[in-house]
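**Student:** A single structure is presented below for examination.
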Amino acid sequence: MTTESPKQRSGLVPNIISGLATGLFSIPEGMAYAQLANVNPIYGLYSGIVAVIVSSLSTGTILMMSTLTSAIALATGSVLTKANIQSSQMPQALFTITFLVGAIMFVLGLARLGMIVNFVSNAVMTGFVAGASLLIILGQEHHLTGYKPVGANQFQETINWLQNINQWDKTTVAVSVVTIILMVLLKRVRPLEKFAAIIVLALVTVVVSVFQIPTALVSSIATIPNGLPSFMLPNFSLIPQLALGSVSVAIVALAQGAGISTAVPNPDGSKAGQSRDFIGEGLGNLAGSFFQSMGTGGSLSRTGISVGAGANSRLGGVFAGLWLGLIVLLFGSQAEKVPLAVIGGMLTVIGIELIMARVPSARLVLSTRAWASIAAMAITFFSALFIPLQDTIFLGAGLSLVLYVVASSKKFRLQQAVRLEDGGWEMREAPKSLSSGQATVLVVQGLDFFAEVPSVEDQMPASRGVANAAVILVVRDMRTISSTGIRWLERYAKDLKANGSALFLADVDAAVRESLMRSGAAAAIGEANIFLATPRVLEAEDVAWTAAQQWLAQRPALATPS
């Protein structure tokens, strides 16, 4: 068994070969995805050149391929439609979206907000991707059959399409069916699996051209010259019109690329940060927007192609962009000969694959029996079919936020810590009421969100009619405190004082103590009653317990009822 030397593994050759494979793969997918947005296929090709090269040199995930994806294309098309962009405003409007997407990504990266993608739940993302994938399939009706359906939404168009089977063009249907069959068969042949799309594209295109089979070609909707993308400014006057929609495209792009750093670790062992990926993806879009690129983002499938073909450094992505640029320069015009039925057939297979890939995630969501998550997945899926995808993205983001708030509210817990004779502590359910003349230790978990403060008030032991009670509140998990939380602590401390009792805070983070000092709440509690967290486990609790016992010992004895 032979092994590669370090020089072979890190040399140019593996990256040159992988770049060629990825560049070739980008031809059919780039053209197909551009069609999802109803724009000239050439912009799908251009999206794999400058944007890919720049992002490959700047993302934190070294092997990430940031390029055009089906979901980004669908979202872009939705933004153009909802913004009522006219043909006279194209293609600059398209590049303006790319520019805005890049700016949003870049700013989020600089602000170190890479964690925001973690707030898009798996349930919502599963519903969105499945819905968007179904839209990909349904959106190919015209290309697959030669009949363009009409309707207010995709569902109505599909009904109209099925009602007019007699108007389908038989030749177009035959080309589509052959394309789908060849794609499925070649994807089952392991050595050819990754190159099935480019093989089918080339083979069917040659057959249609040689035998002059009458079917619609790319030339019927677009002109694709031999040449590299020229410099072109976005239309900055359209920014107000496209800004909100561009946020939705950025959300999709960033969410799709979030898992790549985990799936494809950096070969040099360095840690990839999502914020650094945001910056790299943003720079790719900013640069690409001046060279006729559509919006791009981390693509797990394209990254897989690149790595599988041998990429082991950033040069894999660089060569992918260079190879694609060379191919477009020399043979770009040949893309006009590609039958639209081939693009429709490939997208149909891609859409089915995307749906099948989400089936395990859907089963997982269903298996949890968490009805809020199941509902969020279903709502996101069905909304994609009936409302603009741009709105579905915002709806999904809102549902993810709701799920997060619901989950956060459930993590709050209040327990009593009882001091044992051996000096240890035992956790029990919080008591219903305080006891006069005694110290009660309460451990609060999850008090990070202002909405959780009412839960604290509801679960705190009753203090009515109680005197000379010491309440030790352990807040070891609290790293920050909201203004609502501060006001509650201040009010609770004053209520206890009014009854001759006292509040002690234990295991307090330095930042929380600082907030209490600045707000004046520390004065109401008593600065001496606030005990900072220490590296030693339970040390602050022990100190607070001792202080509470000393305070109780100094209190006047309670009168015995006659």
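**Student:** If you check A548 against the conditions, is it under 17 Å from N468 (Cβ atoms), assigned by TED's automatic domain parsing to the domain that holds S433, among the aliphatic types (A, V, I, L, M) and in contact (Cβ under 8 Å) with a residue 60 or more places away in the chain?
**Tutor:** yes
**Student:** Need the failing condition index for S237 against (1) surrounded by fewer than 18 Cβ atoms within 10 Å (Cβ to Cβ); (2) without any contact (Cβ under 8 Å) to a residue 24 or more places away in the chain; (3) outside the structural domain of G102 (by TED's automatic domain parsing), just the number.
**Tutor:** (3)
**Student:** Might you let me know whether the stretch 517-525 holds any residue that is among the aliphatic types (A, V, I, L, M), within 19 Å of G437 (Cα to Cα), free of Cβ contacts under 8 Å to residues at least 40 places away in the same chain and crowded, with 16+ Cβ neighbours inside 10 Å?
**Tutor:** Checking the stretch 517-525: at least one residue is among the aliphatic types (A, V, I, L, M), within 19 Å of G437 (Cα to Cα), free of Cβ contacts under 8 Å to residues at least 40 places away in the same chain and crowded, with 16+ Cβ neighbours inside 10 Å.
**Student:** So, T22, is that one surrounded by 24 or more Cβ atoms within 10 Å (Cβ to Cβ), within 23 Å of the chain's Cα centre (by Cα) and within 25 Å of G273 (Cα to Cα) or not?
**Tutor:** Criteria not met by T22.
**Student:** A further question follows. Restricted to the stretch 527-541, and to residues that are outside any strand (DSSP E or B) and surrounded by fewer than 16 Cβ atoms within 10 Å (Cβ to Cβ), which residue is farthest from the chain's Cα centre (by Cα)?
**Tutor:** A528
**Student:** Another question, if that's okay. Within the stretch 272-306, which residues are out of contact with any helix residue (DSSP H, G or I) (no Cβ under 8 Å at 6 or more places or on another chain) and farther than 22 Å from F25 by Cα?
**Tutor:** Across the stretch 272-306, there are no qualifying residues.
**Student:** Any idea which of I279, I355, I350 is touching a Leu at 6+ places or on another chain (Cβ under 9 Å) and closer than 24 Å to L182 by Cβ?
**Tutor:** Just one listed residue meets the conditions, I355.
**Student:** Quick check on the stretch 145-156. Is at least one of its residues closer than 15 Å to L340 by Cα, in contact (Cβ under 8 Å) with a residue 12 or more places away in the chain and of a type in the set (D, E, K, R)?
**Tutor:** So far as the stretch 145-156 goes, no, none of its residues is closer than 15 Å to L340 by Cα, in contact (Cβ under 8 Å) with a residue 12 or more places away in the chain and of a type in the set (D, E, K, R).
**Student:** What do you reckon, is Q89 surrounded by fewer than 24 Cβ atoms within 10 Å (Cβ to Cβ), of a type outside the set (F, W, Y) and modelled with pLDDT of 90 or more?
**Tutor:** In short, yes.
**Student:** Kindly provide the set of residues from the stretch 257-280 that are surrounded by 24 or more Cβ atoms within 10 Å (Cβ to Cβ) and modelled with pLDDT of 90 or more, ordered by number.
**Tutor:** D277, F278, G280, listed by residue number.
**Student:** Is it the case that L330 is surrounded by fewer than 24 Cβ atoms within 10 Å (Cβ to Cβ) and closer than 22 Å to F95 by Cα?
**Tutor:** Answer is no for this residue.
**Student:** Still on this structure, please answer the following. Given the structure, is A498 under 19 Å from N468 (Cα atoms) and of a type in the set (A, V, I, L, M, F, W, C)?
**Tutor:** Yes.
**Student:** Being in contact with a Ser or Thr (Cβ under 7 Å, 6 or more places away or on another chain) and either modelled with pLDDT under 85 or part of a loop (DSSP other than H, G, I, E, B) (or both) is the filter here, so list the residues in the stretch 487-514 that pass it.
**Tutor:** Scanning the stretch 487-514 gives N499, S501.
**Student:** Now for a separate question. What is the residue count in the stretch 524-562 for residues that are in contact with an Asp or Glu (Cβ under 9 Å, 6 or more places away or on another chain) and under 16 Å from A493 (Cα atoms)?
**Tutor:** Looking only at that region, the number is 4.
**Student:** Specify which of the listed residues (I62, I72) is part of a helix (DSSP H, G or I) and either of a type in the set (V, I, T) or touching a Gly at 6+ places or on another chain (Cβ under 6 Å) (or both).
**Tutor:** Sole residue among the options that is part of a helix (DSSP H, G or I) and either of a type in the set (V, I, T) or touching a Gly at 6+ places or on another chain (Cβ under 6 Å) (or both): I72.
**Student:** A further question follows. Out of L283, L254, which single residue is surrounded by fewer than 24 Cβ atoms within 10 Å (Cβ to Cβ) and of a type outside the set (F, W, Y)?
**Tutor:** Just one listed residue meets the conditions, L283.
**Student:** How about the stretch 241-314: which helices (runs of 4 or more DSSP H) wholly inside it have at least 2 residues that are touching a Phe, Trp or Tyr at 6+ places or on another chain (Cβ under 7 Å) and aliphatic (A, V, I, L, M)?
**Tutor:** Answer list for the stretch 241-314: 274-288.
**Student:** Would you pick out the residues in the stretch 90-111 that are aromatic (F, W, Y) and more than 21 Å from G60 (Cβ to Cβ)?
**Tutor:** F95, F99
**Student:** Please work out which one of (1) aliphatic (A, V, I, L, M); (2) over 26 Å from Y43 (Cα atoms); (3) in contact with a Ser or Thr (Cβ under 7 Å, 6 or more places away or on another chain); (4) assigned to a helix (DSSP H, G or I) is the condition I213 fails and give its number.
**Tutor:** For I213, the failing item is (4).
**Student:** Can you spot a residue in the stretch 161-178 that is surrounded by fewer than 19 Cβ atoms within 10 Å (Cβ to Cβ), under 26 Å from N40 (Cβ atoms) and in contact with a Gly (Cβ under 6 Å, 6 or more places away or on another chain)?
**Tutor:** Yes, the stretch 161-178 has at least one match.
The values are calculated or read from the model by the stated rules, or taken from the named source; none is laboratory data. These figures come from a predicted structure and were not determined experimentally. Don't worry about glycine lacking a Cβ; one is built from the backbone with ideal geometry, like all the others, and counts go over all protein chains shown.
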